[in-house]
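Shown next, in structure tokens, is the structure this report addresses.
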Amino acid sequence: MTNAPARAHVQPLIREHRIPTPDSKPYIAVEGPEGNLWFCENGASKIGSLDLRSATFREFPLPAADSMPVGIALGADGNLWFTEKAGNRVGRITPAGTIAEFGLPTAKTGPDGIVLGPDGNIWFSLGDADRIARVTPDGSITELGARMAPGSRPLSIVVRDGALWFSAAGTGCVVRMTLGGEITEFPIPSPDSQPRAMALHPDGSIWFVETGANAMGRIALDCTIAEYAIPTANASARGVAITADGDIWFTENFANKIGRMDATGVMIAEYDIPTAQSGARCIVAMSDGRLFFTQYDAGLIGEIVPR
């Protein structure tokens, strides 16, 4: 039996910060240009920001109610870009809180994951349309590439080797798409794996959660896929982040835990979240070494201070 790393015995400090708006349902989060945590309030149709120095929140209502913001990413222009799943729009918010919105050409596309592309544009998944789209800094939108198989449900997106890599939750694949729209699919061995959140590792591999297979997945530079089981059954892994030491941290929605694994797939530990049934979703590794995670069902932002 493999011995757990020594750091498995060191319990990190976990704090929780309550978002002012009730039923805010925080979802995807990202580090902003000033070092604050920015996040989508899926239930309140707001964009939130947590100042890490003062532990205070700012919230910015979107123009349309029930727009359901989901994904958020930092753009090359220093602004935050976000997707509105129900509103069928992509939006932009400045660090000062000025918001602009851009409607999509096709109706009911379900925009979801979003990332800054290698070309300086923002790219995002259309989970209900089985396509990927691009928005330029001035708000011009193009839907690219051949439509994937119906029900592919592209979600999270990361950038590697000058291309876009995304999870296809509906077909159980990791997909590579060039900026020209050419698609290559890499099937995950486990059936009904339901890949969701993804994160790029310093070694060039991409780690992703497999919500359906109760595992963490890794696609190497040679595109081989490995899977590593999560000890707690039916954990419902949802978010993943990678710290500077190469460890993989992930949220366990149903288990109400934070998981930690090393780069070889050895499980380090699982840490209980203080608030029960908090609905842990996204997790973000910040530049100062701390991690933050969203607690969708509890309206909280969790903070992890590794020791």
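The values are calculated or read from the model by the stated rules, or taken from the named source; none is laboratory data. Predicted model only: the values in this text are computed from it and were never measured. Note that each Cβ is placed from the backbone with ideal geometry, even for glycine, and that neighbours are counted across all protein chains shown. To get the accessible areas, we keep the full protein, side chains included, count just its heavy atoms, and leave off ligands, DNA and RNA. Shrake-Rupley method; radii C 1.70, N 1.55, O 1.52, S 1.80 Å.
Within segment 220-231, which residues are open to solvent by 30 Å² or more (accessible area, probe 1.4 Å), touching a strand residue (DSSP E or B) at 6+ places or on another chain (Cβ under 7 Å) and either acidic (Asp, Glu) or in a loop (DSSP other than H, G, I, E, B) (or both)?
Passing the criteria: Cys223, Glu227, Pro231.
Table: residues versus (1) assigned to a loop (DSSP other than H, G, I, E, B); (2) of a type outside the set (A, V, I, L, M, F, W, C).
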site: Trp81; (1), (2): no, no
site: Ala96; (1), (2): yes, no
site: Pro105; (1), (2): yes, yes
site: Lys108; (1), (2): yes, yes
site: Ser125; (1), (2): no, yes
site: Asp138; (1), (2): yes, yes
site: Glu143; (1), (2): no, yes
site: Ala149; (1), (2): yes, no
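Yes or no: segment 197-220 includes at least one residue that is among the aromatic types (Phe, Trp, Tyr) and touching a residue at least 40 places away in the same chain (Cβ under 8 Å).
Taking segment 197-220 and keeping what is among the aromatic types (Phe, Trp, Tyr), we get 207-208.
Narrowing further to those that are touching a residue at least 40 places away in the same chain (Cβ under 8 Å): 207-208.
The answer is yes, given that some residue of segment 197-220 is among the aromatic types (Phe, Trp, Tyr) and touching a residue at least 40 places away in the same chain (Cβ under 8 Å).
Considering Ala269, Ala280, which residue is more than 25 Å from Ala55 (Cβ to Cβ), in contact (Cβ under 8 Å) with a residue 40 or more places away in the chain and among the hydrophobic types (A, V, I, L, M, F, W, C)? Spell out how you get there, then give the answer.
Working: Ala280 fails: more than 25 Å from Ala55 (Cβ to Cβ).
The conditions single out Ala269.
Which of the following residues is small (Gly, Ala, Ser), at pLDDT below 95 and open to solvent by less than 50 Å² (accessible area, probe 1.4 Å): Gly217, Gly246, Gly180, Gly145?
Values: Gly217 fails: at pLDDT below 95; Gly246 fails: at pLDDT below 95; Gly180 fails: open to solvent by less than 50 Å² (accessible area, probe 1.4 Å).
From the options Gly217, Gly246, Gly180, Gly145, the qualifying one is Gly145.
Where residues in segment 76-129 are of a type in the set (Asp, Glu) and either open to solvent by 50 Å² or more (accessible area, probe 1.4 Å) or in contact (Cβ under 8 Å) with a residue 40 or more places away in the chain (or both), which of them is farthest from Ala149 (Cα to Cα)?
To start, the set of residues in segment 76-129 that are of a type in the set (Asp, Glu) comprises 77, 84, 101, 112, 119, 128.
Narrowing the set further to residues that are either open to solvent by 50 Å² or more (accessible area, probe 1.4 Å) or in contact (Cβ under 8 Å) with a residue 40 or more places away in the chain (or both) leaves 77, 101, 112, 119, 128.
On the way: Asp77: 34, Glu101: 29, Asp112: 18, Asp119: 26, Asp128: 11 Å.
Ranking the qualifying residues of segment 76-129, first place goes to Asp77.
Look through segment 72-112, keep the residues that are among the charged types (D, E, K, R) and out of contact with any strand residue (DSSP E or B) (no Cβ under 6 Å at 6 or more places or on another chain), and return whichever of them is farthest from Tyr27 (Cα to Cα). Don't jump to the end; show me each part of the working.
Step one: of segment 72-112, the residues among the charged types (D, E, K, R) are 77, 84-85, 89, 92, 101, 108, 112.
So of that shortlist, the ones also out of contact with any strand residue (DSSP E or B) (no Cβ under 6 Å at 6 or more places or on another chain) come out as 77, 108.
On the way: Asp77: 23, Lys108: 20 Å.
The qualifying residue farthest from Tyr27 (Cα to Cα) is Asp77.
Given Gly43, Gly32, which one is touching a residue at least 12 places away in the same chain (Cβ under 8 Å) and open to solvent by less than 10 Å² (accessible area, probe 1.4 Å)? Spell out the reasoning first.
Details: Gly43 fails: open to solvent by less than 10 Å² (accessible area, probe 1.4 Å).
Being touching a residue at least 12 places away in the same chain (Cβ under 8 Å) and open to solvent by less than 10 Å² (accessible area, probe 1.4 Å) holds for just one of Gly43, Gly32, which is Gly32.
Does segment 166-177 hold any residues that are open to solvent by less than 10 Å² (accessible area, probe 1.4 Å) and more than 18 Å from Ala237 (Cβ to Cβ), and which are they?
The answer is Val175, Met177.
Which members of segment 151-165 meet the condition of being surrounded by 18 or more Cβ atoms within 10 Å (Cβ to Cβ), not charged (D, E, K, R) and not in a strand (DSSP E or B)?
Result: Ser152, single match.
Could you name every one of the strands (runs of 3 or more DSSP E) located completely within segment 255-307 that has at least 1 residues being more than 16 Å from Ala229 (Cα to Cα) and open to solvent by 10 Å² or more (accessible area, probe 1.4 Å)? First the steps, then the outcome.
Values: elements: 257-261, 267-272, 280-285, 291-295, 300-305.
In segment 255-307, 267-272, 280-285, 300-305 are the strands (runs of 3 or more DSSP E) which contain 1 or more residues that are more than 16 Å from Ala229 (Cα to Cα) and open to solvent by 10 Å² or more (accessible area, probe 1.4 Å).
May I ask you to say which residue of Ser167, Ser152 is among the small types (Gly, Ala, Ser) and within 17 Å of the chain's Cα centre (by Cα)? Before the answer, list the steps.
Values: Ser152 fails: within 17 Å of the chain's Cα centre (by Cα).
Of the residues listed, the single one that is among the small types (Gly, Ala, Ser) and within 17 Å of the chain's Cα centre (by Cα) is Ser167.
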